[in-house]
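What follows is a set of notes on a single structure, which appears directly below.
The values are calculated or read from the model by the stated rules, or taken from the named source; none is laboratory data. Small disclaimer: the values here were computed from a predicted structure and weren't measured. Every residue, glycine as well, gets a Cβ built from its backbone with ideal geometry; the counts of neighbours run over all protein chains shown. SASA here: full protein model, heavy atoms, side chains in, ligands and nucleic acids out. Shrake-Rupley method; radii C 1.70, N 1.55, O 1.52, S 1.80 Å.
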Amino acid sequence: TILNRGESYFDSLSMLILLLLAGRYLQYRQQRRADAAVELLFNLVPSTVHVMRDGLIVDLPGEALEQGDLVEVRTGELIPGDGHVASGSTSIDQALLTGESRAVPVKEGDSVFAGSMNQLSVIQVRINAVGSDTRVGRLMELVERGTSEKPNAMRFADGIGRWFVPGVCIASLVTFLFWVRSDLSSAIDNSISMLIVTCPCVLGLATPLTMAVSIGQLARRNVLVKSAAALERLAGIKTI
């Protein structure tokens, strides 16, 4: 363009930028989907709880629940905190915590945990722990902490990226110096081609996109992934 000779293929440059932006958009969208799916798993306690106050049952928001409260858990409702059954007997689904889909019978004095679902009859539960102090709360903290950690593959890609870009620039310069002895136009074309074909964007896109998609898909199937590094280690497992 500067020399005003030959063809200037701006369509190729535009397509390259378009593809890079499309890749970034896909990564961002999948990351948002994964975050949204994981967020759904944080809604494991009911928004409204039936608390016994002065002999009467009062409906309160879940955030108002306190340690020591006596709550009524009706059929089909989630247990709002860790505690023990104060009265009544029923069966509860603890699949989220144990992975076991078979209902567990509980009676007066037995321990129950937040996130479990009451299946058969009304029970009263004395709350011993709420929020992040519950078993499911600690589990969510592990998930939150794990999703913020970079797996080895991403750290490896970042490490390569620091050396890759200067290396590509040097290789492009060497290419230019090699070809410029015969033809300036060919030297420019070949050096720019070197920059384009060695574009390192795949290093920054492929691994984060794969991890985000995997964690999001698993979250939608109620599978909690402690960290992306766990997915890496899973690939090497030979026996279950």
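For L173, what accessible area in Å² do you get when you roll a 1.4 Å probe over the heavy atoms of the protein chains, rounding to the nearest 10?
Result for L173: roughly 100 Å² accessible.
Please give the calculated 222 nm ellipticity per residue for the chain, where each DSSP H segment of at least 4 residues contributes -39500 (n - 2.57) and the sum is spread over every residue; nearest 500 deg cm²/dmol?
Mean residue ellipticity, 222 nm, calculated: -17000 deg cm²/dmol.
Can you work out the accessible area per residue across the chain, with the rest of the protein chains kept in place, probe 1.4 Å, in square angstrom?
Dividing the accessible area of the chain by its residue count gives 64 Å².
Extending each Cα 7 Å along its Cβ direction at D59 and V180, get the distance between those two points in nm, one decimal.
Rounded to a tenth, the inter-label distance reads 7.8 nm.
Of V174, V45, V136, which has the largest mean-square fluctuation in a 10 Å C-alpha GNM of the chain?
V174
Assign one of three labels to the range 46-138, namely rounded, prolate or oblate, based on the Cα gyration tensor with a ≥ b ≥ c the square roots of its eigenvalues; rounded applies when a/c is under 1.5, prolate when it is not and a/b is larger than b/c, and oblate otherwise.
Oblate, since a/c reaches 1.5 and b/c is not below a/b.
Work out, step by step, the length gained on full extension between L120 and I196: first 0.36 nm times the residue separation, then minus their alpha carbon distance; give nm to one decimal.
Extra length available between L120 and I196 comes to 21.0 nm.
Describe numerically, in nm with one decimal, the distance between label points set 7 Å from Cα along Cα→Cβ at T48 and at I188.
7.2
By the scheme Lys and Arg +1, Asp and Glu -1, what is the net charge of all other residues having a beta-carbon under 10 Å from that of V122?
-1
If you stretched the chain out fully between I160 and S87, how much longer would it get, using 0.36 nm times the residue separation minus the C-alpha to C-alpha distance?
The I160-S87 span can extend by a further 20.2 nm.
What FRET efficiency comes out for K226 versus S12 if R0 is 30 angstrom and r is the Cβ-Cβ distance? Round to the nearest 0.05.
0.10
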